[in-house]
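Scroll down for the structure; my scribbles are underneath it.
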Amino acid sequence: MATIDGRPAQYGITLKHLRDLMEHRGPEGVNKLNEIGGVQELCKKLYTSPSEGLTGSQVDTEHRREVFGSNSIPPKPPKTFLQLVWEALQDITLIILEVAAIVSLGLSFYQPASEEDAQPFDDDETSHGWIEGLAILISVIVVVFVTAFNDYTKERQFRGLQNRIEGEHKFSVIRQAEVKQIGVSEIVVGDICQIKYGDLLPADGILIQSNDLKVDESSLTGESDHVKKGESFDPMVLSGTHVMEGSGKMLVTAVGVNSQAGIIFTLLGAAVDEQEQEIKKMKKEAKKQRKKKSLTGDEEAGNVTGNSHMNSPAPVENKHGNSTPDDGQGNHVSSGGGGGESHKKEKSVLQAKLTKLAIQIGYAGSTIAVLTVVILVIQFCVHTFVIQQKEWRASYVNNMVRHLIIGVTVLVVAVPEGLPLAVTLSLAYSVKKMMKDNNLVRHLDACETMGNATAICSDKTGTLTTNRMTVVQSYICEQLCKTTPKFSDIPSKVANLIVQGIAVNSAYTSRIMPPDEPSELPKQVGNKTECALLGFVLGLQKNYQTVRDDQPEETFTRVYTFNSVRKSMSTIIPRKGGGYRLFTKGASEIILNKCAFIYGHDGRLEKFTRDMQERLLRQVIEPMACDGLRTISIAYRDFVPDKAEINQVHIENEPNWDDEENIVNNLTCLCVVGIEDPVRPEVPEAIRKCQKAGITVRMVTGDNVNTARSIATKCGIIKPTDDFLILEGKEFNRRIRDSSGEVQQHLLDKVWPRMRVLARSSPTDKYTLVKGIIDSKVSDNREVVAVTGDGTNDGPALKKADVGFAMGIAGTDVAKEASDIILTDDNFSSIVKAVMWGRNVYDSIAKFLQFQLTVNVVAVIVAFIGACAVQDSPLKAVQMLWVNLIMDTLASLALATELPTPDLLLRKPYGRTKPLISRTMMKNILGQAIYQLTVIFALLFVGDKMLDIESGRGAEIGAGPTQHFTVIFNTFVMMTLFNEFNARKIHGQRNVFEGIFTNPIFYSIWVGTCASQVIIIQYGKMAFATRSLTLEQWMWCLLFGIGTLLWGQIVTTVPTRKIPKILSWGRGHPEEYTEAINIGEEKYDVDSDKKPRAGQILWIRGLTRLQTQLRVIRAFKSTLEDLEERRSLHSLQSLHSLRSSRSHTGPWPPRPLSDITYIDEDPTATKLSPLAPKSGTSAAIGNRLSPHSAAARLPSHHHQHHHHHQQSATTPPSEPPKSVHEYRI
């Protein structure tokens, strides 16, 4: 028989059998397991040991992977470069250009039998006519390749980022009897995993041992109640679910594609292919429908697609559920609204403003383009046929095509399709750089939102403090020690109880490891508070490990694990000589309330009276807390079968362990310790920076008020002189709730502006505070709130915040899942870096806008007026394409990659309502445009006389390029290039060259463009319609170019305050933009039929460029999403977003099941989302579908009907439709 690593190669159980086993739940599962012979037997069949785990040898794990599969779900293959090229080619305007170019190419070879007189002229034309067509084709190809290349590099970056995020996810596994942290993908069948509170389970398994385990399985079943798990009644734990309480050990029985989450994925994959086929059919149908409708002039033609919220693949939803509630907060939706269906946030404010701007410019540009063509054609016809009375000749088609080409090129230049590109580039670049600053960004737009943050609600432990805890004071037997006492100084009975109590009553995953370097401090693994206590035991020169070895976890009778409600942890173990012993530890005021006895002087047992408790609080606990220490009490209680002493309990038979109130009571206090968690050295500085930058830092902590106050003062959150509120959770709730216990916004508004510290707070308090600040309308520019958190209980607040930061080291999986940015070093000063990068993104985009709009305005006006006055655009099609390439693609790269400077932290945050184009920027744009237009028109009409060259005006079609028009083209490009320097500053700074060498991308692109321009002018000949210039003419062009820099200084001198406010663009609340966006979404939808809907949008040049950008942004989001799905099967935001759906008490009667949903928002908020159809169908409310409402599982007929209707109006391409499970249909 073949052996592997000293064991038989044939396992005692097959893959299929294991898969079947995991299908069962509850008692049924227990029976199936017993048929095999129980967990221990199963371990033997899989050649693993419940206590020691696998050997972890290479051969063994490899073989297990071959037999049972590996723990990863194969990702979708990335798009190839050619696919991206093909996508870039789908651009409507590019297609028009290509067609026009091909037609003009064909016509240049077509020789009509013409009259004799035109013969010599025709010769000239045929020799050169083909060049223009070819040049346009080539420039189109260049544009396409540049676009595709940009997308390609971005996609690669995002894949890298995705792998980083995946690599972050580690899990505790027992191998060779050692607990090891390994990557989730390394886990194999037969591994023994340790699971604890806050974990996201990476594979399916069967419990070997568990304490008080509760799991949230909503991501698989949709049931929001936490499911109790235990070896005897429900031992099956499934991948993709969250551990909400307790701890345990499990044997891994299914990984990857064979796990429950994986099986759903495989179904999904198959479903996607079928669905794509269906979608194609649907589209054809929808088109026919639409044609009919548009013929009948039916108003509702929009409805076929307008109702894009009902597609069965997940609609593009935001993080909080995509509806706009009544109070019109565009960005915030009460988070009860089960935004569970998909992890999307709404577009960030910036993207909203930009999309709206791009659409508006697109409209303007297309109008002018159409006008240009019309004017050119009319002028030509009048001139040729009316004035010169010529006959129609076939060769005139060529002229028409040429006019069309000019029109299309105006459109190309008019639409700023570089905008979305700039956003994506700048975000992608920032995200990449932020990794170096220990910020792992999970949602792209979080980094831009962060720049506008006005408030940060921070956790204390681990964020402001080092999270390396040590016991610095102890109070044992009426002796307060400021150092670690000697073991021999403590009465031996008490000392042994303390050592046993600490060693046993803590998660066995918490350990203290020897340091890597002898000079460093020992490593703390696991829960830091427990590590501090274990360190105290080691300080007493005792070894906690020996105690643990005598008392393995299997022997525990019961464990009450720590959670935010109990604020304590208790373990019950069998006692030597019969009975049980309970150890408990927790926040001192809570434990001391339950104590009835205490060990006094020399270890005498004393009754613990009320006044003793008062005295202890006053003399010991408060002074400790005022030093910023966390106080923890340790206590115990014995249950004995024989005669009981005064602090013991006599029991006949086993007590009812579920009656926690009475079990954990009448305890005997052993000691109180003060644990110090020193403030991180860099925090006070970081907080000072935040305050300078206009960001208020608030501290929200579960610790008591004195500890909180002390730490807040050390950090600089509060200054002794200031008038600030420091509240406890209870007091906070008393102030913000009305008589009926509901939270009232107006009461909250009285509290939060002055509040700086919230102590002893529950997770709900944190959530209430964050929601209150976000919804508050007290300040003009609406607060943007960032939240940091690490615990499972921080999930709701992290999700609600505009930007959620999770701790990478101390954070639980649940917190990371709910966050937008992960701080890989758990350090508050990284948040300041995030603010800096965020502001930088905003500024980079503003710089680009300022540059881009100047070029747009000038190019469009020149082309238009040129066409009217000279019957020919001074800038030829190919030249315009070149300008477009510099200004869009290259400039967006150059300006989007500016590094942030510390100065960014000196200004106040913009808030939500800041206009996108400020008055300063508008002043610069208009000022520069005036200068450039003056120069160009001067050159156009009198340049030939000034420079003493032949005029290019009114040249015949066949005539070669003139120096005159070449000078105009060259001057335009030079002015544009020098204006790129002006664009680097948007706040009216004088020195535009400052920090130029910190950005190599900028100057290399700039130098590159200049060089290309020289080559184009000198050697471009017919292709670029240029003639080489003399040195003198070059000097003139350069002079006009450098003039822009000088002019820029003059413009800067004009005081901004004199400019009317009306000139700033994009002010107002983002709500106004969400409407625009929804229209925009419709139009730019990546998957919407590639042809414009009902001729709606033939106009927009950027349509598909924008699409490509949106596609990339989405592809990024969806790669992240895929990754999230792979990690958690979309854990359906399983967090407490459910709480609200359960506890929702609204004034209306609960609805019958057949209705489509309970609206999970305020009862009043029945305003339809702008996209829902306005017809009265119940589907109108569909976009509020809470994943947990019963109705979601029992869809009405409308619902199904709609499902078929717009199978994919707005599905990002790279995201598989959500699984049937999630829709729970």
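Normalising the Debye intensity of the stretch 821-948 to I(0), with uniform scatterers on Cα atoms only, and taking log10 at q = 0.11, 0.12, 0.19 Å⁻¹ returns -0.56, -0.63, -1.12. For the stretch 987-1021, chymotrypsin sites (Phe, Trp or Tyr not before Pro) meeting the loop criterion (DSSP other than H, G, I, E, B) and having at most 13 other Cβ atoms within 10 Å: F993. In terms of overall dimensions, the C-alpha atoms belonging to the stretch 138-245 reach 73, 37, 20 Å along their principal axes, ordered largest to smallest. Would you mind giving the average projected area, over all directions, of the Cα convex hull of the stretch 443-550 in nm² with one decimal? If you wrap the Cα atoms of the stretch 443-550 in a convex hull and average its projections, you get 10.9 nm². Using the Cβ-Cβ distance between T509 and F81 with R0 set to 51 Å, the FRET efficiency works out to roughly 0.65.
Coupling constants for the stretch 210-223 follow from the phi torsions by the Karplus curve (6.51 cos²θ - 1.76 cosθ + 1.60, θ = phi - 60°), and in residue order they are 8, 10, 6, 7, 10, 10, 9, 9, 4, 5, 9, 9, x, 8 Hz; glycine and proline get x. Here K284 is the anchor, and the lysines within straight C-alpha reach of less than 16 Å, apart from those fewer than 8 places off in the same chain, are K292, K293, K1090, K1091. The alpha-carbon positions of the stretch 726-849 define a convex hull whose volume is 122 Å³ per residue. Amide H contacts of R175 (H built 1.01 Å from N, in plane; Pro and chain starts excluded): K180 sit under 5 Å, all sequence-distant by 5 or more or on other chains. Note on L617 and F149: the model spin-label points, each 7 Å out from Cα along the C-beta direction, lie 7.2 nm apart.
Assuming a ≥ b ≥ c are the square roots of the Cα gyration tensor eigenvalues, decide whether the stretch 659-800 counts as rounded (a/c under 1.5), prolate (otherwise, with a/b larger than b/c) or oblate. Since a/c reaches 1.5 but b/c is at least a/b, the shape of the stretch 659-800 is classed as oblate. The Cα atoms of the stretch 430-493 cover 60, 24, 18 Å along the three principal axes, with the biggest extent listed first. Counting every Cα pair in the stretch 796-854, what percent are over 14 Å apart? For the stretch 796-854, the fraction of Cα-Cα distances above 14 Å is 62 percent. Applying Stokes-Einstein at 37 °C and 0.692 mPa s to the Kirkwood radius of the stretch 902-1031, computed over alpha-carbon pairs, gives a translational diffusion coefficient of 186 µm² s⁻¹.
Distance between the C-alpha centres of the stretch 27-42 and the stretch 168-209: 21 Å, rounded to the whole angstrom. What a 1.4 Å probe finds exposed on the stretch 798-874 is 64% carbon and sulfur by accessible area, rounded to a whole percent. Residue pairs exceeding 28 angstrom between C-alpha atoms, taken from K170/K460; K692/K766; K45/K523; K76/K154; K79/K985; K76/K766: K45/K523; K79/K985; K76/K766. How big, in percent, is the set of alpha carbon pairs in the stretch 1-95 lying more than 19 Å apart? Distances greater than 19 Å cover 61 percent of the Cα pairs. Based on protein heavy atoms only, the stretch 693-806 ends up with 34 Å² per residue of surface accessible to a 1.4 Å probe. Taking all protein chains into account, the per residue accessible area for the stretch 173-256 stands at 24 Å² (1.4 Å probe). Stretched out straight at 0.36 nm per residue, the stretch from S492 to E660 would grow longer than its current Cα-Cα span by 57.5 nm. On the basis of the beta-carbon distance and an R0 of 56 Å, V778 and T1053 show a calculated FRET efficiency of 0.90.
Near I208, the amide H atoms lying under 5 Å from its own belong to K249, M250, L251; only residues 5 or more places off or on other chains count, and H is placed 1.01 Å from N. Checking every one of the trypsin sites (Lys or Arg not before Pro) in the stretch 919-1015 against DSSP loop status and a limit of 14 other Cβ atoms within 10 Å picks out R990. Evaluating 6.51 cos²θ - 1.76 cosθ + 1.60 at θ = phi - 60° for every residue in the stretch 611-625, the Karplus couplings come out as 5, 5, 5, 4, 5, 4, 4, 5, 8, 10, 6, 5, x, 4, 5 Hz, glycine and proline recorded as x.
A 1.4 Å probe run over the protein chains yields, for the stretch 835-988, 26 Å² of accessible area per residue, whole-number rounding. Taking only protein heavy atoms and a 1.4 Å probe, the accessible area of the stretch 971-1027 is 70% carbon and sulfur. The listed peptides 696-707, 640-651, ordered by packing as a protection proxy, come out as 696-707, 640-651 (highest mean of other Cβ atoms within 10 Å first). Return the carbon/sulfur percentage of the accessible area of the stretch 540-585, one whole number, probe 1.4 Å, all protein chains in place. The nonpolar share, carbon plus sulfur, comes to 51 percent.
The values are calculated or read from the model by the stated rules, or taken from the named source; none is laboratory data. Just so it is clear, the structure is predicted and the values come from calculations on it, not from any experiment. Please note: Cβ atoms are built from the backbone with ideal geometry, for glycine as well, and neighbour counts cover all protein chains shown. These area figures cover heavy atoms from the full protein model, side chains too; ligands, DNA and RNA do not enter into them. Shrake-Rupley method; radii C 1.70, N 1.55, O 1.52, S 1.80 Å.
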